[in-house]
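Structure record follows, encoded as structure tokens.
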Amino acid sequence: MEEKFLHDHPSKPRTKDEIQKTINRLKRIEGQVRGIQKMVEDDRYCVDILVQISAVQSALKNVGFSITERHINHCVSDAIKQGEGKETIEELMTVMKQFSK
């Protein structure tokens, strides 16, 4: 099922610094996931693996919250000013429901 969103790009483009910070965070998470794979390959203790999985989930949630905050401060705010607030808020709520699963 393909989802349709109101906009293909942010109303205010991300700065190079914003992009780099998010990419750096995602690369750290990628490294953590590789570490978990290695732990499984090495047959490490289950609880140690679960702790690392929890850390990755938390890190991903934090990236998501950061992107959500930016979206609200720029995209949603701009849409409200342009009279498209209802649709944009509905779109955000749909994504937030999926995000919180």
Can you list the aspartates and glutamates whose alpha carbon sits under 12 Å from that of residue 12, skipping same-chain ones fewer than 8 residues off?
78
Separation between the residue 51 and residue 97 pseudo-spin-labels, each 7 Å from Cα along Cα→Cβ, expressed in nm?
3.8 nm
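Rank 43, 48 by accessible area, highest first, at a 1.4 Å probe radius? Could you put the intermediate results ahead of the total?
Values: 43 135, 48 60 Å².
In descending accessible area the options line up as 43, 48.
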Accessible area, 1.4 Å probe, largest first: how do 96, 39 sort?
96, 39
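Too long at a 20 Å Cα-Cα cut-off: which of 61/97; 27/61; 21/61; 21/81?
Values: 61/97 13 Å; 27/61 15 Å; 21/61 15 Å; 21/81 28 Å.
Violating the 20 Å Cα-Cα cut-off are 21/81.
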Could you tell me the calculated FRET efficiency between residue 72 and residue 26, based on Cβ-Cβ distance and R0 = 22 angstrom, to the nearest 0.05?
0.60
Charge dipole of the chain built from unit charges on the beta carbon (Lys, Arg +1; Asp, Glu -1), centred at mean Cα; most positive-end Cα among 68, 20, 56 is 20
Can you give me the distance in nm between label points at residue 89 and residue 44, each placed 7 Å from the Cα along the Cα-to-Cβ direction?
4.5 nm
Residue-by-residue Karplus 3J(HN,Hα) for segment 88-94, coefficients 6.51, -1.76, 1.60, Hz, glycine and proline x
5, 5, 4, 4, 4, 5, 4
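The values are calculated or read from the model by the stated rules, or taken from the named source; none is laboratory data. In this text the structure is predicted, and so the values were computed from the model without any measurement. For neighbour counting, all protein chains shown are included, and Cβ atoms are generated from backbone atoms with ideal geometry for every residue, glycine included. Protein only, heavy atoms only, side chains kept; ligands, DNA and RNA dropped before computing areas. Shrake-Rupley method; radii C 1.70, N 1.55, O 1.52, S 1.80 Å.
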